[in-house]
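Peer 1: Below are the structure tokens for one structure; questions will follow.
The values are calculated or read from the model by the stated rules, or taken from the named source; none is laboratory data. All figures in this text were calculated on a predicted structure; none of them were measured in a lab. Cβ: placed from backbone, ideal geometry, glycine included. Neighbour counts: every protein chain shown. Ligands, DNA and RNA are stripped out before the accessible areas are found, and what is left, the full protein with its side chains, is counted by its heavy atoms. Shrake-Rupley method; radii C 1.70, N 1.55, O 1.52, S 1.80 Å.
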Amino acid sequence: MSTLQEQARALGDPTRYSIYHYLATSDDPVDVAELTEHFGFNHNAIRQHLAKLVAADLVVEEKATASGPGRPRLLYSIDPSADSRWDVTGPYERLSLMLTEVIRTGDSAREVGQRTGRTLRDEHEGDDDLTRLCAVMARQGFDPELRRRRDRTDVVLRTCPFESSALADPDTICQLHLGIAEGLAEEGAIEVEDLIRKDPRRANCRLQLSVDEPTRA
């Protein structure tokens, strides 16, 4: 069975589709407790529906940052690769909107990326700057991995959501990526120093960051 068929089958259940749509319209990842309260089902029923959505590559599961004893909560959000036909704005639809803005305004891809990053930053308030940057890049489909070293901090983008477009025009697409990161970091404790480009088919492009660590009293 193809991925498309699996997704259609998973969303054929009305309750499962409602859960999927709830996640699609949420600004932040959602836990089981919130879904249980909203839909009025028990935890096990919600978990079973989520498992089907995860297996169909419609939803991603991640662990929340530990805030105390016990297991960290599991959070759920729409898989960035989910096609827009399922009422989700897919990566290439997002890309088309940014490229349209480049054409309409005459601004550079980097400038348009920066504006996009600022908008995404304002939609994700509350986290520290580095956590927010990684969380937003994850939701955009970049699968970021934070790597800290003594003298620098990098974010490795393990997936390129615009792979085929980046192969055709790496300068434009990578400038969009760099601008998005710069917009996310703007007015915070992070400065994006550079984007080290790699073959988009293998991904692992690297954002080099300068992080202004708070001084200890």
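Peer 1: Of (1) surrounded by 12 or more Cβ atoms within 10 Å (Cβ to Cβ); (2) not in a loop (DSSP other than H, G, I, E, B), S26 satisfies all except one. Which?
Peer 2: (2)
Peer 1: For the stretch 127-141, give me the residue count where each residue is in a loop (DSSP other than H, G, I, E, B) and either touching a helix residue (DSSP H, G or I) at 6+ places or on another chain (Cβ under 8 Å) or polar (S, T, N, Q) (or both).
Peer 2: 3
Peer 1: Which condition breaks for R71 when tested against (1) outside any strand (DSSP E or B); (2) closer than 18 Å to H124 by Cβ; (3) not hydrophobic (A, V, I, L, M, F, W, C)?
Peer 2: (2)
Peer 1: Next up: Which numbered condition in (1) within 17 Å of the chain's Cα centre (by Cα); (2) surrounded by 14 or more Cβ atoms within 10 Å (Cβ to Cβ); (3) free of Cβ contacts under 8 Å to residues at least 24 places away in the same chain; (4) closer than 24 Å to T25 by Cα is the only one that E145 fails?
Peer 2: E145 satisfies every listed condition except (4).
Peer 1: In addition: Which of the following residues is part of a loop (DSSP other than H, G, I, E, B) and open to solvent by less than 70 Å² (accessible area, probe 1.4 Å): V54, V102, V60, V88?
Peer 2: V88
Peer 1: Kindly check whether there is at least one residue in the stretch 31-40 that is open to solvent by less than 80 Å² (accessible area, probe 1.4 Å), more than 26 Å from S165 (Cβ to Cβ) and either at pLDDT below 90 or among the polar types (S, T, N, Q) (or both).
Peer 2: There is at least one residue in the stretch 31-40 that is open to solvent by less than 80 Å² (accessible area, probe 1.4 Å), more than 26 Å from S165 (Cβ to Cβ) and either at pLDDT below 90 or among the polar types (S, T, N, Q) (or both).
Peer 1: Let me ask something else about it. Return the residue satisfying two criteria in turn: it lies in the stretch 1-23 and is among the polar types (S, T, N, Q) and in contact (Cβ under 8 Å) with a residue 24 or more places away in the chain, and of such residues it is least open to solvent (accessible area, probe 1.4 Å).
Peer 2: My answer is Q7.
Peer 1: Consider only pairs whose beta carbons are under 6 Å apart and that are at least six residues apart or on different chains; among these, list those whose first residue lies in the stretch 182-202 and is modelled with pLDDT of 90 or more and whose second residue is open to solvent by 60 Å² or more (accessible area, probe 1.4 Å) and assigned to a loop (DSSP other than H, G, I, E, B).
Peer 2: Taking only residues 6 or more apart or on different chains, the pairs are K198/N204.
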